[in-house]
Structures are given as structure tokens and as C-alpha cells.
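Peer 1: Dropping the structure in here first, questions after.
Just so you know, all these numbers are worked out from the coordinates, no wet-lab data involved. These numbers come from a predicted model, not from an experiment. Neighbour counts run over all protein chains shown; Cβ positions are idealised from the backbone, glycine included.
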Amino acid sequence: MAELLTDSKALALLAAEACDDRKAVDIRLIRVEEVSSLADWFVICSGLTDVQVRAIARSVEDCLETEHQRLPLRREGQTEGRWVLLDYGELIVHVLTPSERTYYDLESFWGHGEQERYISPAAGPTL
């Protein structure tokens with residue numbers, strides 16, 4: 001089981017990196033495997049426009065397909081671009097506009113899961 005967790009966390013981190021590549025805002029990883037049967041991890045982030053939301057989602061899809069030959073089992077919301085959901089089974093990626101993210105407040109809803117903020121390696125240490 002520990003190996004599965006490592007694999008699913010690695011997948012979540014890769015998805016977070018792909019979000020960061022398209023300048024996603026406030027990227028969060030939430031470990032939900034102990035509180036939900038939906039997935040092991042959620043990655044939640046914001047795109048400032050519907051165009052950026054779709055670009056972030058496409059970046060995640062491209063990255064996971066290239067690196068792990070994985071395609072989402074389900075994909076929702078790409079037409080509207082306000083909330084795109086990519087379901088990979090053990091990982092669910094949510095890309096939302098700021099207004100949708102505030103309204104649905106997934107971080108609070110899943111607040112009993114272990115949360116961590118993704119820090120871009122490009123950001124470097126702050127003094």
C-alpha cells in the first residue's frame with residue numbers, strides 16, 4: 001500500500017508541476033485516501049481566465065500522458081472553462097476560476113484531508 005501511495009503522490013506532484021507550468025495560482029495537494037473512496041489525492045488550483053483554466057487542464061493531460069501514458073478516465077467542464085475536472089482514478093485534478101473556487105470552497109469541504117501547498121521550484125527560497 002505504501003508503494004501505491006508513493007505512486008499516487010508522484011502522479012499528484014507531476015500534475016501540480018504541469019499546473020505550475022501554465023502559471024496556475026494557489027496550487028494545493030490534498031490527500032483524501034483515508035477520508036474518501038473517490039481518490040487518493042486531489043490537486044486543486046486556479047486559472048485567472050477560462051482560457052487559462054483550459055490551458056492548465058491541457059498541460060496536465062499532456063504531461064501525464066507523456067510521462068506515464070495515462071489519460072483521464074473522465075473529463076468535465078472543458079467547454080465552459082470555469083471548472084475543469086480531470087479524473088485519473090487515484091488522482092482528481094480540479095482547475096477552477098477564482099470565483100468558482102471561492103464559491104465551491106473544495107479545500108474546506110475536504111479540510112479533513114491532509115493538505116499541502118505546492119511551491120514551485122522556480123520560485124526559489126524567499127529571504
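Peer 1: Can you give the Rg/Rh ratio of the chain, where Rg is from the C-alpha atoms and Rh is the Kirkwood radius?
Peer 2: My calculation puts Rg/Rh at 0.94.
Peer 1: A further question follows. How high is the relative contact order of the chain? Use alpha-carbon pairs under 8 Å, at least six apart in sequence, and give a whole percent.
Peer 2: Value for the chain: 28 percent.
Peer 1: Taking segment 1-105, which GluC sites (Glu not before Pro) meet the DSSP loop condition and have no more than 15 other C-beta atoms within 10 Å?
Peer 2: Hits after loop and neighbour filter: 34, 80.
Peer 1: Can you give the net charge of the other residues whose Cβ lies under 13 Å from the Cβ of residue 24, counting K and R as +1 and D and E as -1? Numbers along the way, then the final one.
Peer 2: Working: positive: 22, 23, 28, 54, 58, 101, 117; negative: 17, 20, 21, 26.
Taking every other residue near residue 24 into account, the sum is +3.
Peer 1: Quickly work out the residue 74-to-residue 116 label distance, labels modelled 7 Å from Cα along the C-beta direction, and quote it in nm with one decimal.
Peer 2: 2.7 nm
Peer 1: From the C-alpha gyration tensor of segment 1-60, pull out the three semi-axes of the equivalent ellipsoid (sqrt of 5λ each), sorted largest to smallest, in whole Å.
Peer 2: Details: eigenvalues 112, 27, 13 Å².
Computed over segment 1-60, the values are 24, 12, 8 Å.
Peer 1: Something else about it: At residue 103 and residue 34, where each label point lies 7 Å from the Cα along Cα→Cβ, what is the point-to-point distance in nanometres?
Peer 2: 3.4 nm
Peer 1: Now a separate question. Relative to the compact-globule scaling 2.2 N^0.38 Å, provide the ratio for the alpha-carbon radius of gyration of segment 53-97.
Peer 2: Rg over 2.2 N^0.38 Å, computed on Cα atoms: 1.04.
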